[in-house]
Amino acid sequence: MSGAIRQNCSFVQTSQKGNKGEYIKEGEFEEGAMMNEVFGFNLNETRLAVVNAFEKLLKEKPFDEISVTQICNEASISRATFYYHFKDKWDICQWHYGAIAEHFLFQTGRTLNWFQANFLNTTAFAEHDTLYRWGFGMEGYQSLFEHAKRRRIQTLRETIVDYKHEKLDPELEFQIVALADAEVGGVTHWFVGNMPYSIETLCRYLDDAVPRRLYNLLNEPADDTISRLFSL
């Protein structure tokens, strides 16, 4: 990695933005900019337009009053295009969660340590705070809370087996499930509570919630090429 990329990926503490005190990339945090430069991926432009349109409508009216047609009109796409990319309205937030988490949160133990993964992931989520406040505030099997827990459990298992080449024993299984519940619960509380403290503080709390054996197993990335770029 070049020195320019290394410099661009350094993080500095910013002044409080409302009650969101947060760390961002030097200059401005632009969704996709850091991802493209360092992680080499793009968010699908059509899907991202739908996310932005849906979030704009969520600021104006309750979820139940938002129709797919309204989302399409706001995003300037057809209904056919919407259903090509999404199953339904619920799928919008779940897709965005997965697209971001795949390259940040789910890299815990792969290319990032615990704090880096949570920090980068939450910073990206916070750019869509209305979307995630709604998503984590919903209840039921389709809620983002339940979806996020299932995905987190699945990817932690995969990381341990495929990247760390460790066997999953009952103790690790218990720690994975307990951690997913505590971690997603903490992020949910933070968003629903209108982000009452900084992203850094949240991620320190999340670090402390990781059971020690699981923490030690995954805190050293299998490939630290990306991890070493960040002073986190």
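Once region 222-232 is narrowed to residues that are in a loop (DSSP other than H, G, I, E, B) and hydroxyl-bearing (Ser, Thr, Tyr), the residue that is nearest to THR122 (Cα to Cα) is SER231.
When only residues in region 33-59 that are modelled with pLDDT of 80 or more and of a type in the set (Val, Ile, Thr) count, which is surrounded by the fewest Cβ atoms within 10 Å (Cβ to Cβ)? Result: THR46.
The values are calculated or read from the model by the stated rules, or taken from the named source; none is laboratory data. Keep in mind that what you see is a predicted model, and the values were worked out from it rather than measured. Using ideal geometry, Cβ is built from the backbone for each residue, glycine included, and neighbour counts are taken over all protein chains shown.
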